[in-house]
Amino acid sequence: MSGWRVWTASPADSELLAALEAQAFAARSWGAKSIMASFQASGVAVLLGGENDEAPRGFALWRDLGEDAELLTIGVVPEARRRGLGASLLNAVLERAKTAGAEKVYLEVADENPAALALYTGAGFSTIGARKSYYRDGGDAAVMVCSL
Ligand SMILES: CC(C)(COP(=O)(O)OP(=O)(O)OC[C@H]1O[C@@H](n2cnc3c(N)ncnc32)[C@H](O)[C@@H]1OP(=O)(O)O)[C@@H](O)C(=O)NCCC(=O)NCCS
């Protein structure tokens, strides 16, 4: 589906963002407090995506680091997956990071997350390293980068 809209969230959306993140991540949720604190974090932008402003179905958080940018997290609620929203959110992050002057976007992804790995590879990311026991439950992460 190509009818997705992506827009910048405001602090008034923090509870909505926390609910979306909890639905998308289940066991690996950051938790409401951490995710809501993103609105205060330096250089962090929060994007929401859905068919319209009233019904966001996914989100992406990224950080502008100057020459580089970092995708902090991205998620789509289970019932809206495989319809292009994740790719729309990711493309919006890449476009915004490029506009902000970044040359590269970095991310960490669980190395046993085939959906995310396929999403990132399809958008032009490649694996440049690994972080052992990166997650609280002991899982390993791959480090990926995309040149803009
Ligand atoms: C990863 C995630 C954001 C993808 O969102 P989505 O809206 O379903 O993704 P899209 O429909 O835009 O898919 C884009 C491409 O990603 C890949 N992809 C997405 N889901 C996939 C899956 N379950 N299996 C394999 N490839 C998948 C495909 O290449 C897909 O293109 P295609 O549909 O043309 O084959 C979603 O599965 C999610 O929220 N997962 C839980 C949270 C998470 O793991 N986030 C990433 C953490 S680093």
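Screening the chain for DSSP H helices whose Cα atoms reach 18 Å or more along their own axis and whose mean Kyte hydropathy is at least 0.0 gives 85-99.
The GluC sites (Glu not before Pro) found in the range 1-84 that occupy coil by DSSP, while having at most 12 further C-beta atoms within 10 Å, are E54, E67.
Among the trypsin sites (Lys or Arg not before Pro) found in the range 36-118, those both in a DSSP coil and sparsely packed, with 14 or fewer other Cβ atoms within 10 Å of their Cβ, are R82. Neighbour counts of other Cβ atoms within 10 Å put S133, S29 in the fewest-to-most order S133, S29. Need one number: the % of Cα-Cα pairs in the chain sitting beyond the 25 Å mark. Pairs farther apart than 25 Å: 23 percent. Per-residue ellipticity at 222 nm, computed for the chain from helices alone with -39500 (n - 2.57) per DSSP H run of at least four residues, works out to -8500 deg cm²/dmol. If neighbour count is taken as other Cβ atoms inside 10 Å, put V76, V145 in order from fewest to most. With the sparsest Cβ surroundings first, the list reads V145, V76.
Here, each number is a calculation from the coordinates, and none is a lab measurement. A quick note: this is a predicted structure, and the numbers were derived from the prediction, not measured. No Cβ is skipped: glycine too gets one built from the backbone with ideal geometry, and neighbour counts run over all protein chains shown.
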